[in-house]
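I have placed the structure first, in the form of structure tokens, so that the comments after it can refer back to it.
The values are calculated or read from the model by the stated rules, or taken from the named source; none is laboratory data. The model shown is predicted, which means the values in this text are computed figures rather than measured ones. Glycine also receives a Cβ, built like all others from the backbone with ideal geometry; neighbour counts cover every protein chain displayed.
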Amino acid sequence: MTVPGPGSPDAGPDETTFDVVVVGAGLAGNAAALTAAEAGATVCLLEKGEAYGGTSVKAGGGLVFAGTDLQDEAGVRDDAEGLRTAIMDAGRGRSDPDTVEAYLDHQLDTYRWMSERGVAFDYFPDLVPRRLNRLHGTAPGHATEVLHRCSLAHPGVRYRVRTRGKRLVRGADGVVGGIVVESDGTEAVLTARRGVVLASGGFVRSDDLVATFAPEWLLTTRMGGTANTGDGLRMAWALGAAVADMAYVEASFGASIPNFPDVADTPGVEPTLLYPNSQGAVVVNREARRFADETLPYKELSAICVQQPDGIAFMVFDAAVMDRSLPTPSPADFSTALADGRLVEADTLEGLAEKVGLSPDALVSTIRRYNGHVDAGNDPDFGRPVDGSPASGGGRIDTGPFYAYPCRCGLTTTYCGLRVDRSLRVVDVFGEPIEGLFAAGEVVGGFHGAGYYSGTGLGKAAVFGRGAGLAAAERRPRTTS
Ligand SMILES: Cc1cc2nc3c(=O)[nH]c(=O)nc-3n(C[C@H](O)[C@H](O)[C@H](O)COP(=O)(O)OP(=O)(O)OC[C@H]3O[C@@H](n4cnc5c(N)ncnc54)[C@H](O)[C@@H]3O)c2cc1C
């Protein structure tokens, strides 16, 4: 990952008045800053961390769009109507319709806009079974890097790294007109004539917010941006902002434990997500017992995995599954996982069990029983669709070498957050827009409802970033007579 540096038009300390201030330089913030600048606004893009990127540069890279040229070329007929239904279904009907409409308003335009600026999309193989493929893949970090480079190159954008947005400044008229920032221990006030866009991500790194809203996930591996401590949420709360979906934080199944049997997070080693279960692996707990239909969505598997002893699982598979490895950025890149030590390999199932501390007898018995289900074409234990074909997601596991992937639940994103209207203005607890305050990306709640539609995390960052950047740039301050 190249971090644009020396060429960046770092704002001088005396430059304090802008049309738009964007808080956070992940995908949402960069999309917002660039869009606002292209619409003619002067923009200050703030980043609290040491470098741009946040969670966005750690992500797999699939974004959800509907009705694209790539889908057309693949013969997939899709449109905004279908996407609306899919998002609402995934959210079990709890998504806020206006927030979903905001996505539909901007999604296709955002896809084209990103492509025109150099983001290379690929038609990603969708590993979530039984759904229409809307995943448009990008190499990890690529989309954010491209938009960041474009932002830095735009004469209207000033970028301030290691600068934290601390408090919003609201005038006597109730309009947000600026922000207090802190850099190297010094505070300053930036004026935002048209608005502030909060794009500061979620709160995966805040133990107090996780303990408040999602205590069941306190003991997960934290995978999002290291500076994502819910600052934007707190700043807007202080102005009476409404929140949404706080009860629906979910973790993802399949986070690596790189130094297993040492289960502690290793500083400097980024856990990753891997899904051999989507290609035929069986999932067992520390007692070497299966505990679910392995083809369930990874959020549902996560909720079951966290109930297992120590919250740990092992995906167990064989050479036939290894042969289905797909290249990075797919989360089915088993070859790379083997090369970098995330997989354990052995010639026999017994040897594999010994290496990861499972009972060899129990593992052999579990796999023998599972193979029997495959032969019978029916899994009476958990209802996994098994007819022996790779397409069904479950063939026999009987061809060495054998592999185990020790894993647990990872908290990648917090999904919930600030309530917005269709124009991405933050609304207060009475449903009134807080004038001059916009939000984009993970800090926005109400979109996912009670369940996540995979690929809308990055999607929501790019699409809402573009929408909020445009809305802020176009806002005209009230005139007083
Ligand atoms: C391992 C992993 C894989 C994923 N894979 C996918 C995927 O394939 N598809 C998908 O759709 N989603 C995926 N996601 C989720 C997705 O990455 C996030 O939903 C998305 O990146 C959020 O983007 P954002 O711009 O809102 O936040 P971020 O990218 O986190 O950016 C927020 C930025 O704000 C900065 N910041 C925070 N507070 C302040 C402050 N006070 N002042 C200034 N700056 C501040 C942070 O440092 C950060 O740089 C994945 C997540 C993880 C962890």
### Summary
Of (1) under 30 Å from Gly178 (Cβ atoms); (2) part of a helix (DSSP H, G or I), Ser365 satisfies every one except (1)
### Query
Name the residues in segment 185-222 that are closer than 23 Å to Leu27 by Cα and part of a loop (DSSP other than H, G, I, E, B), would you?
Ala199, Ser200, Gly201, Gly202, Phe203, Val204, Arg205, Ser206
## Note on the structure
The residue that is farthest from the ligand (Cβ to nearest atom), considering only those in segment 56-111 that are of a type in the set (Lys, Arg) and outside any helix (DSSP H, G or I), is Arg77
### Message
Consider segment 421-461. How many of its residues are over 18 Å from Ala86 (Cβ atoms) and either touching a residue at least 24 places away in the same chain (Cβ under 8 Å) or not in a strand (DSSP E or B) (or both)?
### Response
25
### Query
Only one of Arg131, Arg162 is touching a strand residue (DSSP E or B) at 6+ places or on another chain (Cβ under 8 Å), assigned to a loop (DSSP other than H, G, I, E, B), surrounded by fewer than 16 Cβ atoms within 10 Å (Cβ to Cβ) and in the same structural domain as Asp72 (by TED's automatic domain parsing); which?
Arg162
### Query
Within segment 69-93, can you find the residues that are surrounded by fewer than 16 Cβ atoms within 10 Å (Cβ to Cβ) and not aliphatic (A, V, I, L, M)?
Asp69, Asp72, Glu73, Gly75, Arg77, Asp79, Glu81, Gly82, Thr85, Asp89, Arg92, Gly93
### Summary
For Ala332, the lone unmet condition from (1) surrounded by 23 or more Cβ atoms within 10 Å (Cβ to Cβ); (2) within 16 Å of the ligand (Cβ to nearest atom) is (1)
## Note on the structure
Note: among Ser330, Ser302, just one is over 26 Å from Arg368 (Cβ atoms) and either not in a loop (DSSP other than H, G, I, E, B) or not assigned by TED's automatic domain parsing to the domain that holds Leu274 (or both), namely Ser302
### Query
Of all residues in segment 319-362, which are over 24 Å from the mean Cα position of the chain (by Cα) and among the hydroxyl-bearing types (Ser, Thr, Tyr)?
Thr348, Ser359
### Message
Checking the condition in a loop (DSSP other than H, G, I, E, B), within 16 Å of the ligand (Cβ to nearest atom) and at pLDDT below 95, which residue from Pro261, Pro271 passes?
### Response
Pro271
### Query
If you scan segment 223-246, which residues turn out to be in a helix (DSSP H, G or I) and not small (Gly, Ala, Ser)?
Asp231, Leu233, Arg234, Met235, Trp237, Met246
#### Entry: Within segment 15-51, considering residues that are assigned to a loop (DSSP other than H, G, I, E, B) and more than 6 Å from the ligand (Cβ to nearest atom), the one surrounded by the most Cβ atoms within 10 Å (Cβ to Cβ)
Ala41
### Exclusive hit being among the charged types (D, E, K, R) and closer than 23 Å to Val426 by Cα, set Asp293, Asp231
Asp231
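Results for (1) within 16 Å of the ligand (Cβ to nearest atom); (2) not assigned by TED's automatic domain parsing to the domain that holds Lys166, shown as yes or no for each residue.
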site: Leu209; (1), (2): yes, no
site: Pro215; (1), (2): no, no
site: Leu219; (1), (2): no, no
site: Gly230; (1), (2): yes, no
site: Met235; (1), (2): yes, no
site: Ala242; (1), (2): no, no
site: Ser256; (1), (2): yes, yes
### Hits in segment 460-471 (condition: near the ligand (Cβ under 9 Å from one of its atoms) and closer than 17 Å to Pro97 by Cα)
Lys460, Phe464
